[in-house]
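Some notes on the structure that comes next.
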Amino acid sequence: MAVVALLVLSTTAIGVRHAAAVLWGTDDAMTLKVNGIQYRVLHAEQVSGLSDADLGGMSHGVNSLVTTDQALVRVTLDVGADKDSRFDTSVLRALAGTVPIDPVPGSMERGTLRRGGHLEGALSYVVPRNGAQLRLTAPGQDPVPLLRVDVAGTAAEHGHGTSGPPSTTAIPLPSTTVTRQVTP
C-alpha cells in the first residue's frame, strides 16, 4: 500500500512539474528561449499544400514553391515574453538532418509583446522529403524535435506544386505530430 501511495505521489509531482513548465515556460523540452522570448512548439505537421494564409492571398505564380521532392511543414508556436520585448521568428531554423532551413516568407515574422504577453502563430518550412527527423532550433539552444518527414515517391504519384500526402510507410517514431499536452 505504501508503495502504491509513493508511486501516486511521484506521478502527481511529475505531472505538476510538467504543467508548471507549460504554464511558465521553464524546463520545457518543447521551448526555445531567445533574448527573453519563449518560442514553445504547440504542433507540427506535414501538410499537403499551401493555404491562402500561407500565401497571404497572393497565389499567382507560386505553384512551384513546393516541388514533388519537398514537403511543406507547418509549426504552430506560442510566443511568450518575460518582459516587454521584441520577438523575431527569423532566428528559428528547421533542421532536416544537419541542414538549416529558413521559414517561408509570409509566415509569422516579428513584433512586440508586453511582459507576460503571448501570441500564437505558425511558421512554414519547405523541407526535403528524405525521411529526415525535422527539428527546430535557435542560436545557442538544443533543438526541439518536430516530426519525421516522409520520403518522396515518383513524380507521377504527386501533383505538381504540392508536397503530396504524408507517407503511409511505418516510421520508427511513436507519432509524426507534436502537440501541446497540459496535465491538470
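The values are calculated or read from the model by the stated rules, or taken from the named source; none is laboratory data. On a predicted model such as this, the values are computed, not experimentally measured, just so you know. Please note: Cβ atoms are built from the backbone with ideal geometry, for glycine as well, and neighbour counts cover all protein chains shown.
For residues that are surrounded by 14 or more Cβ atoms within 10 Å (Cβ to Cβ) and modelled with pLDDT under 90, scanning just the stretch 107-129, find the one that is farthest from VAL79 (Cα to Cα).
SER107
Check whether at least one residue in the stretch 80-93 is touching a Pro at 6+ places or on another chain (Cβ under 6 Å) and either assigned to a strand (DSSP E or B) or buried (at least 21 other Cβ atoms within 10 Å of the Cβ) (or both), and report yes or no.
Yes, there is a match, as at least one residue in the stretch 80-93 is touching a Pro at 6+ places or on another chain (Cβ under 6 Å) and either assigned to a strand (DSSP E or B) or buried (at least 21 other Cβ atoms within 10 Å of the Cβ) (or both).
Against the conditions (1) under 17 Å from PRO143 (Cβ atoms); (2) at pLDDT below 90; (3) among the aliphatic types (A, V, I, L, M), where does VAL91 fall short? Just the number, please.
(2)
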